[in-house]
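A.B. asks: Attaching a single structure in structure tokens format; questions to follow.
The values are calculated or read from the model by the stated rules, or taken from the named source; none is laboratory data. Please read these numbers as outputs of a predicted model, since none were measured by experiment. All Cβ positions, even for glycine, are placed from backbone atoms using ideal geometry, and neighbour counts span all protein chains on display. Protein only, heavy atoms only, side chains kept; ligands, DNA and RNA dropped before computing areas. Shrake-Rupley method; radii C 1.70, N 1.55, O 1.52, S 1.80 Å.
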Amino acid sequence: MTVESTAARKPRSSAGSKSTAGKRTTTRKTPSGEPQLVQLLTPEGKRVKNAEYDKYVTGITPEELRALYRDMVLTRRFDAEATALQRQGELGLWASLLGQEAAQIGSGRALRDDDYVFPTYREHGVAWCRGVDPANLLGMFRGVNNGGWDPNGNNFHLYTIVIGSQTLHATGYAMGIAKDGADSAVIAYFGDGASSQGDVAESFTFSAVYNAPVVFFCQNNQWAISEPTEKQTRVPLYQRAQGYGFPGVRVDGNDVLACLAVTKWALERARGGEGPTLVEAFTYRMGAHTTSDDPTRYRGDEERLAWEAKDPILRLRRYLEAAHHADEGFFAELEAESEALGRRVREAVRAMPDPDHFAIFENVYADGHALVDEERAQFAAYQASFADAEGQGV
């Protein structure tokens, strides 16, 4: 099953109904009503052929397939542990990737060591692929570090909280390595909500004009906090690339093989001097936007249950079992490994110090500021009130 890619610098009509004044353009649908996209593994775990992208995964071995499965399982495990730790007061916040494992692991494993990654704040699976210790991710959400890893040591930039701004950083970096003549590529991750930011539009403009070797990887999980995608765009997100003059493609974001193949293709284009590509990984955020969010207030169980049937991990497991690429021993060993990872992450977080409550007042102004001094004093008095109450037995 495939979707037509938007061709670079060639005008093409939208995939769907014709766009006319007052009418909404829509993407083409399969007979089942699903949007058409690049897919190599069905939700039932059946391998389907794709003339354009098969070559990027044809040589994949059973060992490599098991490794992809392992990546997704372990990523989901430490993500679940982080959510539990936040609920228990050990983290200030956590942005879960539940449901998006295939998009992140597939694209992350498509990268070469010399490629550079600009993440947002939910790319825990990509961080795993780049060798970043999960404990460092959790330390940032605990407030005891600003990331805890050397971006240049892993070619994985620090998390970016400001929505969409990392796409500009990625574009500038890509323009720089192109001028240096480096044979590498850059990938920028962002969500469907960030696609509405002006920074993203500006990134598309500059990357196209300067033919920058950058892949824009949009994880369309269909909800920008409580805002559905249909409130963000009148056309499928991948089609936006057409207006800037570079290719866009929509891939099944719950299919790790398809994400691997499409990202490899896009990275090869970038390294070969063919410029940017927009990849829209059509997936679903199974949990809350962050642990401060309650998704039951804006979406129903029916939608969530429908996407649970497309679970990326279960999909690959079905394929592994049907192809006899993995046995019960493999799955049992992996379960034990995932539990060990969960314990290690929990112990690492609990061994971390409490964050410095007064660090937020530092470096706000280069030379200090009277208002900041006043706010610091007020906060100090507030903190002291807890000690006074405890001393009085309250």
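A.B. asks: Taking the Cβ of MET72 as the center, what net charge do the other residues with Cβ under 12 Å away carry, scoring Lys and Arg +1 and Asp and Glu -1? Before the final figure, lay out each step's value.
C.D. replies: Numbers: positive: ARG66, ARG70, ARG76, ARG77, ARG109, ARG315, ARG317; negative: ASP71, ASP79, GLU101, ASP255, ASP311.
Overall, the nearby charge balance is +2.
A.B. asks: In the calculated pair distance distribution of segment 36-174, what percentage of Cα-Cα distances lie above 24 Å?
C.D. replies: Of the Cα pairs, 37 percent sit more than 24 Å apart.
A.B. asks: Tell me the carbon and sulfur percent of the accessible area for the chain, rounded to whole percent, probe radius 1.4 Å.
C.D. replies: Carbon plus sulfur share of accessible area: 51 percent.
A.B. asks: What residue among SER96, SER165, SER196 has the largest mean-square fluctuation in a Gaussian network model of the chain, using Cα springs under 10 Å?
C.D. replies: Most flexible of the set in this elastic network: SER196.
A.B. asks: Can you tell me what share of the DSSP beta bridges in the chain is antiparallel? A percent to the nearest 5 is fine.
C.D. replies: Given both bridge residues lie in the chain, the antiparallel proportion sits at roughly 15 percent.
A.B. asks: A follow-up question, please. State the Cα centre-to-centre distance between segment 250-321 and segment 102-153 in whole Å.
C.D. replies: Taking the Cα centre of segment 102-153 as reference, the centre of segment 250-321 is 17 Å away.
A.B. asks: Build a GNM of the chain with springs between Cα atoms under 10 Å: which of ARG318, ARG350, ARG285 gets the top mean-square fluctuation?
C.D. replies: Per the Cα network of the chain with a 10 Å cutoff, ARG350 tops the list.
A.B. asks: Can you list the trypsin sites (Lys or Arg not before Pro) in segment 81-116 that are in a DSSP coil and have 15 or fewer other beta carbons within 10 angstrom?
C.D. replies: Within segment 81-116, the qualifying trypsin sites (Lys or Arg not before Pro) (loop, at most 15 other Cβ atoms within 10 Å) are ARG112.
A.B. asks: Right, here's the next one. For HIS289, HIS325, HIS124, what's the largest-to-smallest order of accessible area, 1.4 Å probe?
C.D. replies: HIS325, HIS289, HIS124
A.B. asks: Continuing with the same structure: Considering the values (i) 1.00; (ii) 1.15; (iii) 0.96, which represents Rg/Rh (Cα atoms, Kirkwood Rh) as calculated for the structure under consideration?
C.D. replies: (i)
A.B. asks: Which residues in segment 337-369 have a backbone N closer than 17 Å to a point placed 7 Å from the Cα of TYR382 along the Cα-to-Cβ line?
C.D. replies: Within reach of a label on TYR382: 355-362.
A.B. asks: Provide the per residue accessible area, probe 1.4 Å, for segment 132-175, rounded to a whole number of square angstrom.
C.D. replies: Result: 38 Å² of accessible area for each residue.
A.B. asks: Kindly state, as a whole number, the per residue volume in cubic angstrom of the convex hull around the alpha carbon atoms of segment 167-246.
C.D. replies: In segment 167-246, the Cα hull volume divided by residue count equals 78 Å³.
A.B. asks: Got a sec? What order do ILE105, ILE161 fall in by accessible area at 1.4 Å, biggest, i.e. largest, first?
C.D. replies: From most accessible down to least: ILE161, ILE105.
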